[in-house]
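Have a look at the structure below before the remarks.
The values are calculated or read from the model by the stated rules, or taken from the named source; none is laboratory data. Source: prediction; values computed, not measured. Every residue, glycine as well, gets a Cβ built from its backbone with ideal geometry; the counts of neighbours run over all protein chains shown.
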Amino acid sequence: RKEVEQDPGPFNVPEGATVAFNCTYSNSASQSFFWYRQDCRKEPKLLMSVYSSGNEDGRFTAQLNRASQYISLLIRDSKLSDSATYLCVVSNDYKLSFGAGTTVTVRA
Amino acid sequence: GAVVSQHPSRVICKSGTSVKIECRSLDFQATTMFWYRQFPKKSLMLMATSNEGSKATYEQGVEKDKFLINHASLTLSTLTVTSAHPEDSSFYICSAGTSGRVDEQFFGPGTRLTVL
């Protein structure tokens, strides 16, 4: 079983729409959780950390459910520039485990 | 701040040659550097963890004699792909962790290796 699993998508949404997706992780001892964004042929960039209480950064809201071992990301008021692959990342003992990514395409 | 560079960004080589990739932290000291490999439409896979002045720790299934890692200073780590073959063609990405939050890693721009 993969350590981090994500729905690959793609999610095709119009500008202004809300899009949400989850990932699940297998190691219940995982300590830290993140969402990264990766554009085509580029390196991953940290979008936001995910906390148990849930957290928001502008149009992005992340939630963590430790009991069910899943993490979610919600993007409100989608912009064309939000088109990217979103990587769910889980940390255990300072090693990062990456999901394969969820592709989001925002269309005009 | 927290900028990591990689060089070269792209390399094409013949089968059997060795390729060296450099990873540098430009504005901070990286006690730990990580090397990842990413195949198309796949997740980043950690290859090895490199600590300055000590031997790298390789993940299961990664050949240490094939992928030589040297972490000579707090700002430089190198990955050498020895006797490269077409199946080694991939996107290689390094990242650097700071002493404060190693689990928040700063990624280099990646090196795309194509072995003919």
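Taken as a whole, the stretch A:48-60 holds no residue that is closer than 20 Å to A:Thr105 by Cβ and either touching a Pro at 6+ places or on another chain (Cβ under 9 Å) or surrounded by 18 or more Cβ atoms within 10 Å (Cβ to Cβ) (or both). Checking each residue in the stretch B:63-87 for being in contact with a strand residue (DSSP E or B) (Cβ under 7 Å, 6 or more places away or on another chain) and in a strand (DSSP E or B) picks out B:Phe67, B:Leu68, B:Ile69, B:Asn70, B:His71, B:Leu76, B:Ser77, B:Thr78, B:Leu79, B:Thr80, B:Val81. Among the residues of the stretch B:20-36, count how many are surrounded by fewer than 21 Cβ atoms within 10 Å (Cβ to Cβ), away from every other protein chain (no Cβ under 11 Å) and under 13 Å from the mean Cα position of the chain (by Cα). Number of matching residues: 3.
Residues of the stretch A:75-106 that are acidic (Asp, Glu) and either part of a strand (DSSP E or B) or within 14 Å of chain B (Cβ to nearest Cβ) (or both): A:Asp93 alone. Is the stretch B:6-23 home to any residue that is closer than 21 Å to B:Leu116 by Cα and modelled with pLDDT under 90? Checking the stretch B:6-23: not a single residue is closer than 21 Å to B:Leu116 by Cα and modelled with pLDDT under 90.
Per-residue answers, yes or no, for (1) buried (at least 19 other Cβ atoms within 10 Å of the Cβ); (2) among the charged types (D, E, K, R); (3) in contact with a Phe, Trp or Tyr (Cβ under 6 Å, 6 or more places away or on another chain); (4) within 15 Å of B:Phe106 (Cβ to Cβ):
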{"site": "B:Lys14", "(1), (2), (3), (4)": "no, yes, no, no"}
{"site": "B:Ser18", "(1), (2), (3), (4)": "no, no, no, no"}
{"site": "B:Lys41", "(1), (2), (3), (4)": "no, yes, no, no"}
{"site": "B:Asn51", "(1), (2), (3), (4)": "no, no, no, no"}
{"site": "B:Thr57", "(1), (2), (3), (4)": "no, no, no, no"}
{"site": "B:His71", "(1), (2), (3), (4)": "yes, no, no, no"}
{"site": "B:Ala84", "(1), (2), (3), (4)": "yes, no, no, no"}
{"site": "B:Tyr92", "(1), (2), (3), (4)": "yes, no, no, no"}
{"site": "B:Ser95", "(1), (2), (3), (4)": "yes, no, yes, yes"}
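Each row is one residue, and each column tells you yes or no for (1) of a type in the set (Ser, Thr, Tyr); (2) within 11 Å of chain B (Cβ to nearest Cβ); (3) closer than 17 Å to B:Ser43 by Cα.
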| residue | (1), (2), (3) |
| --- | --- |
| A:Thr24 | yes, no, yes |
| A:Arg41 | no, yes, yes |
| A:Ser52 | yes, no, no |
| A:Arg66 | no, no, no |
| A:Leu73 | no, no, no |
